[in-house]
Each structure stands twice: as structure tokens, then as C-alpha cells.
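J.: I'd like to ask some things about the structure below.
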């Protein structure tokens, strides 16, 4: 395995080991006062009229992701490259998110204590942000819609009291790192090969 590939693979693993080692200190959660204040503010704005739209956004975001990917696959080379880059970004982001959920085992703000689906970090936010980052790199004019969609998905998790603010921010940061790695890999895959004889 070449040096740059080994380095890319080692970074998420190192981050996971580091964060897993923080499980004890994170039990007291140093930013809990900020999370509590953010939760109180979002919940104070929770209006009945927004319940159904927020539940739809939260529950159906993965369906939209898969449907969009299926459409992109038949949209020609640009669409297939987009799906490949999205998969390269989403796979490690989700692997790290799921491992962290198990290691950190943070109780959700609504009281849910299921370790396999614990609060930290937010996989919804990670998926939405990774996808927005890939869309932005591929089609720059689509960035307002892509990031608005990601923001709505992330906010829906706070609105529905399923995540703390720090869960959402951590998921977003992991996604940005995964999208950056995917961009590096795709640039290498798509780099034009020099003509024979070195033109």
C-alpha cells in the first residue's frame, strides 16, 4: 500500500482511538452547559406546525440520499463520479460515527439510552454534511441548496430532541474530514494520464 493511502486510512483510526480514550472525561461532558442552553432555546421555538415537516426531514433524509444516488447513477459519467465520491466520503464517516456511538455511549437529550444508537455524534448530520460537501465540490452552483438541506436535516435532530448541539457539530466535522479525504482520492482517480512519450 502506498504511503498516502496508508496515511489516509490511519487518520480516522487514530482519531477513533483518541476519542475512545476520552470516554471517561466525556462522561462529564465539558460543553454540557452550552448543549443545555442550545437545547432550551431550540425547544422554546418548537411549534406544532413544524412537527410533521421536521419528522419528515429527519425520517426520510436517508431515502432521499438513496433515491438521489440511484438517479445520479443513470445520469452519465458526472453522476457516477458523484456517487463514487459520495460513497468514499460516507463509508468512513459512518464507520467512525457508529464506533464513537458505541464508545462514548452518550444519553440522548430525550432520555434514550440505547448504546448501539447513542447520541454522540449525529449520523444524520454527518451524512447530510458529507453529501453537501461532495455536491459543492462537483457542482458549485448547487451549494446554497445543498447546505440549506444539510442545515435543515441537522436542525431537525435538535428540534426533535434527538441530539445535543455538540453531537451535531461533531458529526459535521467528521463529515467534512471524510469529504476532504474523498476529494483527494477522487482527484487521484480522475487525474488525466499523461500521453505516451510525455507530451
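Bear in mind these aren't lab numbers, they're just calculated from the coordinates by the rules spelled out. What you are looking at is a predicted structure, and each value in this text was computed from that prediction instead of being measured.
J.: Could you grab the Rg to Rh ratio for the stretch 41-199? Cα atoms only, Kirkwood for Rh. Present the calculation step by step, with values, prior to reporting the outcome.
T.: Numbers: Rg = 17.6 Å, Rh = 16.7 Å.
Using only Cα positions, Rg/Rh for the stretch 41-199 is 1.06.
J.: Sequence gap at least 6, Cα distance under 8 Å: using those rules, report the relative contact order of the stretch 65-134 to the nearest whole percent.
T.: Here the relative contact order equals 28 percent.
J.: Expressed as cubic angstrom per residue, what is the convex hull volume of the alpha carbon set of the stretch 48-142?
T.: Convex hull of Cα atoms, per residue: 113 Å³.
J.: Over the Cα atoms of the stretch 85-140, what is the Rg over Rh ratio if Rh follows Kirkwood? Display every interim value, and only then the final one.
T.: Numbers: Rg = 13.1 Å, Rh = 12.0 Å.
Across the stretch 85-140, the Cα-based Rg/Rh ratio is 1.09.
J.: Here is a further query. Checking a compactness column here: for the stretch 104-188, what do you get for Rg(Cα) / (2.2 N^0.38 Å), N being the number of residues?
T.: After normalising by residue count via 2.2 N^0.38 Å, the value is 1.17.
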